[in-house]
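What follows is a single structure, written as structure tokens, with notes after it.
The values are calculated or read from the model by the stated rules, or taken from the named source; none is laboratory data. Computed from a predicted model, the values in this text were never measured in an experiment. For neighbour counting, all protein chains shown are included, and Cβ atoms are generated from backbone atoms with ideal geometry for every residue, glycine included. Only protein heavy atoms, including side chains, enter the accessible area calculation; ligands, DNA and RNA are left aside. Shrake-Rupley method; radii C 1.70, N 1.55, O 1.52, S 1.80 Å.
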Amino acid sequence: DKDRIKREEERTTGALKEIEGWLNLTHINRIEAYDISNTSGMESVGSMVVFEGGKPKRNDYRKFRIKSVQGPNDYASMYEVLTRRFERAKTGSESTSDSFVRLPDVIMMDGGRGQVNMALEVLGKLEMSIPVCGMVKDDNHRTRGLYFHNVELPIDRNSEAFKLITRVQDEAHRFAIEYHRSLRSKDQVKSVLDEIPGVGPARRKALMKSFPSIYEIRDATAEQIAMQ
């Protein structure tokens, strides 16, 4: 048990201590990371994932459906996501969820100079000061360093800190793709059902609520559909 606890501390709080050293920050507990997902600009969505104490805090994850951007523009989409997230924090009221009120100790962007500067621009516009670093990737799409204060810092790929950064990056990507696929599935079901005579808005809504995808509706029995 002692060995297990020690290994868990090394991969969580120990990894955070390493990152603090790399970035020359005195305290990191809460990390927020963001990602964008779309298909040729359709159904663009953003994800916000949160790690506290080196572990994912899934109750604080948030999804964003992009409203102001047309077409495949990840940069503009991320600008919208960050603006909405931190405006909520700045103007928060009792109705604002805790995940928006609480600020991260550091923001990790998927990318380098451009993404970091864009995030700093949003924070500057809102008069907020939060450290922002970029997770820079190599030609094989693996993180090779952290971009911070206009410098790319090399990181030890065998370290627990590198493994934690990879988990953060992968989780932001997974959460964005998962939300994007769910919206695509709902739109697919909606478009097909709209073509069926006799299926109005109420029945369509009931079917979409009861069946996760068009394939489940297709395979359902007449009795199962009639019950909706």
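Among the conditions (1) modelled with pLDDT of 90 or more; (2) open to solvent by less than 20 Å² (accessible area, probe 1.4 Å); (3) out of contact with any Gly (no Cβ under 6 Å at 6 or more places or on another chain), the only one that G14 does not satisfy is (2). The single condition among (1) in contact with a Gly (Cβ under 6 Å, 6 or more places away or on another chain); (2) loosely packed, with under 15 Cβ neighbours inside 10 Å; (3) modelled with pLDDT of 90 or more that G134 does not meet is (2). Please indicate, with yes or no, whether at least one residue in the range 95-111 is free of Cβ contacts under 8 Å to residues at least 12 places away in the same chain and either of a type outside the set (S, T, N, Q) or surrounded by 14 or more Cβ atoms within 10 Å (Cβ to Cβ) (or both). Within the range 95-111, none of the residues are free of Cβ contacts under 8 Å to residues at least 12 places away in the same chain and either of a type outside the set (S, T, N, Q) or surrounded by 14 or more Cβ atoms within 10 Å (Cβ to Cβ) (or both). Within the range 42-93, the residues that satisfy the criterion of being among the small types (G, A, S) and closer than 30 Å to I5 by Cα are G53, G54.
Please enumerate the residues belonging to the range 112-129 that are buried (at least 16 other Cβ atoms within 10 Å of the Cβ) and either under 19 Å from A172 (Cα atoms) or in contact (Cβ under 8 Å) with a residue 60 or more places away in the chain (or both). Of everything in the range 112-129, those that are buried (at least 16 other Cβ atoms within 10 Å of the Cβ) and either under 19 Å from A172 (Cα atoms) or in contact (Cβ under 8 Å) with a residue 60 or more places away in the chain (or both) turn out to be G112, Q115, V116, M118, A119.
Residue-by-condition table, conditions (1) in a strand (DSSP E or B); (2) open to solvent by less than 20 Å² (accessible area, probe 1.4 Å); (3) charged (D, E, K, R):
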position: V49; (1), (2), (3): yes, yes, no
position: N59; (1), (2), (3): no, no, no
position: V69; (1), (2), (3): no, no, no
position: P72; (1), (2), (3): no, no, no
position: Y79; (1), (2), (3): no, no, no
position: T83; (1), (2), (3): no, yes, no
position: R88; (1), (2), (3): no, no, yes
position: G92; (1), (2), (3): no, no, no
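Scanning the range 100-118 turns up at least one residue that is in contact with a Pro (Cβ under 8 Å, 6 or more places away or on another chain), in a loop (DSSP other than H, G, I, E, B) and at pLDDT 95 or above.
Among the residues making up the range 58-83, those that are over 12 Å from the mean Cα position of the chain (by Cα) and either closer than 30 Å to T13 by Cα or of a type in the set (S, T, N, Q) (or both) are N59, S68, Q70, N73, S77, T83.
Residues of the range 32-50 that are under 8 Å from the mean Cα position of the chain (by Cα) and either among the hydroxyl-bearing types (S, T, Y) or at pLDDT below 80 (or both): Y34, S47.
Of the residues screened, S129 is not one that is more than 19 Å from D105 (Cα to Cα) and at pLDDT 90 or above. Selection within the range 137-169: residues that are part of a loop (DSSP other than H, G, I, E, B) and under 21 Å from E10 (Cα atoms). The member of this set that is most open to solvent (accessible area, probe 1.4 Å) is N158. Residues of the range 133-155 that are farther than 13 Å from Q169 by Cβ, out of contact with any helix residue (DSSP H, G or I) (no Cβ under 6 Å at 6 or more places or on another chain) and in contact (Cβ under 8 Å) with a residue 60 or more places away in the chain: none at all.
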